[in-house]
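First comes the structure, then the notes that go with it.
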Amino acid sequence: MSKTLAEKILSEKTKQDVKPGDIVVSPVDWALVQDTTGPLTVREFLGLGLPKLANPSHTIMFIDHAAPSPQKQLSCDHTFLRKFAKDYGAVLSDVGEGVCHQIMAEKYARPGDVIVGADSHTVTAGGLGAFATGMGSSDVAAAFGLGKTWFRVPETFYIRLTGKLQKYVTAKDVILHLIGSIGADGATYQALEFGGEGLRTLPVSDRLTIANMAVEAGAKVGIFPSDDATLEYLNQQGRKADHRFLFADADAAYERLIEIDLSKLEPTVAKPHTVDNTAIIDEVKGTKVDQVFIGTCTNGRLEDLKLAADILRGKRRNPATRLLVAPASPQIMLAGMRMGYIQDLVEAGALILPPGCAGCLGVHQGVLGDGETCLSTANRNFLGRMGNPEGLIFLSSTPTAAASAITGVITDPREVA
Ligand SMILES: CC(C)[C@H](C(=O)O)[C@@H](O)C(=O)O
Ligand code: SF4
């Protein structure tokens, strides 16, 4: 039977001819936790009474959400995770070593892998052609011990991409446009699969951004084919041997299909307090911004540092607007330094934060004051997301964020660049 990418991966892993709706048990190639969900996962695993991890070298503990720790309880959570990793031989990615989903892309995820993580944005690895999904701590604990988990095979919602993005319109605008079109529940439990001739214009960094936010439309996974762009990325990461080409069958059956002409998209923004509350830039430009935050597993990559540096080079941020920049990994930070992007940003008045989640989920490093507005390149803007329910969060692309840091109001990047 012709298969979509999700069906192809699960059929291969389970050695069955799966179809949507089937309940299958699949081996897990990678299982990960981060520091806010890891302690519960570890306690659940220990409660299973299993003597060891099923696959220690493929079990990864990330300390990235509160990194470095801002307070005692979180520090004790970190010591608890470090001890478990040491005792059970799991891989530890510690403070300053980067955001979990970025490190999964740089070091571990391969096309065709099945990846589960106690973090909803585990879906990001779908940008490399993996079936990657977030799960609760208990399910991940079971995967820790058994090396497998169950899935209901999802129906596939196919997004055919055509055309080419205009300058300063980015992958973030694509996914915000899609979520705004179908709603935060528009792809609930489905596999969002991306294809079409427009795919050729999207490097892996763009695909990671789009896959990262598939969960913001309720999707179980967000999957891209594995093609020459994937090979190029894995080659850059020194992982050419991890590559394999992976495409859906041409006549695969989809539950739903929509087409997006990339050339027609405008810079898009999500307004408070939901990700699907989107608007094109003309509807919100001029909104005062107290803080701009560039970073996260959504838009904290080298391409983001370049986009921001190209717009801010030789300019200064508005004195009334704080500019926070958090590279998503040390590799990105070092490359940004070598390319001069970090210097450009610091000279423009940016505060560079350590590789990690930074202020994304309101634990530290940029909590908003009452009545303040933040323009963020992250993936969520829920009420209180950045630590203060009296703060407002708009989501945008990196070019929109960088342009807005200069003017102090939400700004169309095409007007300042
Ligand atoms: C804290 C964690 C449970 C959460 C997630 O799973 O997505 C966080 O990473 C987020 O981005 O909201
Ligand atoms: S950067 Fe933000 S969205 Fe990504 S894993 Fe960290 S908290 Fe979650």
Of all beta bridges DSSP finds with both residues in the chain, what is the antiparallel percent, to the nearest 5? 20 percent
Output for the range 268-410 (equivalent-ellipsoid semi-axes, sqrt of 5λ from the C-alpha gyration tensor, Å, descending) is 22, 16, 13
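Over 18 Å between Cα atoms: which of Lys8/Lys220; Lys164/Lys220; Lys148/Lys240 fall into that group?
From Lys8/Lys220; Lys164/Lys220; Lys148/Lys240, over 18 Å: Lys164/Lys220; Lys148/Lys240.
If you average over every viewing direction, what projected area does the convex hull of the Cα atoms of the chain give, in nm²?
Over all viewing directions, the chain projects a mean Cα-hull area of 18.4 nm².
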Principal axis box of the range 327-387, alpha-carbon based, largest edge first, Å: 37, 22, 17
Let me know the charge dipole size of the chain about its Cα centre in debye, to the nearest 20, where only the beta-carbon of Lys, Arg (+1) and Asp, Glu (-1) is charged. 740 debye
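Would you mind working out the accessible area per residue for the chain, using a 1.4 Å probe, and quoting it in Å²?
36 Å²
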Cβ-Cβ cut-off under 13 Å around Glu303, Lys and Arg +1, Asp and Glu -1: the net charge is +1
Please compute the net charge surrounding Gly183, taking Lys and Arg as +1 and Asp and Glu as -1 over other residues with Cβ under 15 Å from its Cβ. -1
Other residues with Cβ under 12 Å from the Cβ of Arg256 give, with Lys and Arg +1 and Asp and Glu -1, a net charge of -3
So what does log10 I(q)/I(0) come out to for the range 10-122 at q = 0.19, 0.23 Å⁻¹, using the Debye formula with one equal point on every Cα and no solvent? -1.01, -1.31
In the range 153-220, which trypsin sites (Lys or Arg not before Pro) are in a loop and have at most 12 other Cβ atoms within 10 Å, using DSSP for the loop call? Lys167
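The values are calculated or read from the model by the stated rules, or taken from the named source; none is laboratory data. Keep in mind that what you see is a predicted model, and the values were worked out from it rather than measured. Because the Cβ atoms are built from the backbone with ideal geometry, glycine has one as well, and the counts that use them run over all protein chains shown. Areas reflect the complete protein model, heavy atoms only, side chains present, ligands, DNA and RNA absent. Shrake-Rupley method; radii C 1.70, N 1.55, O 1.52, S 1.80 Å.
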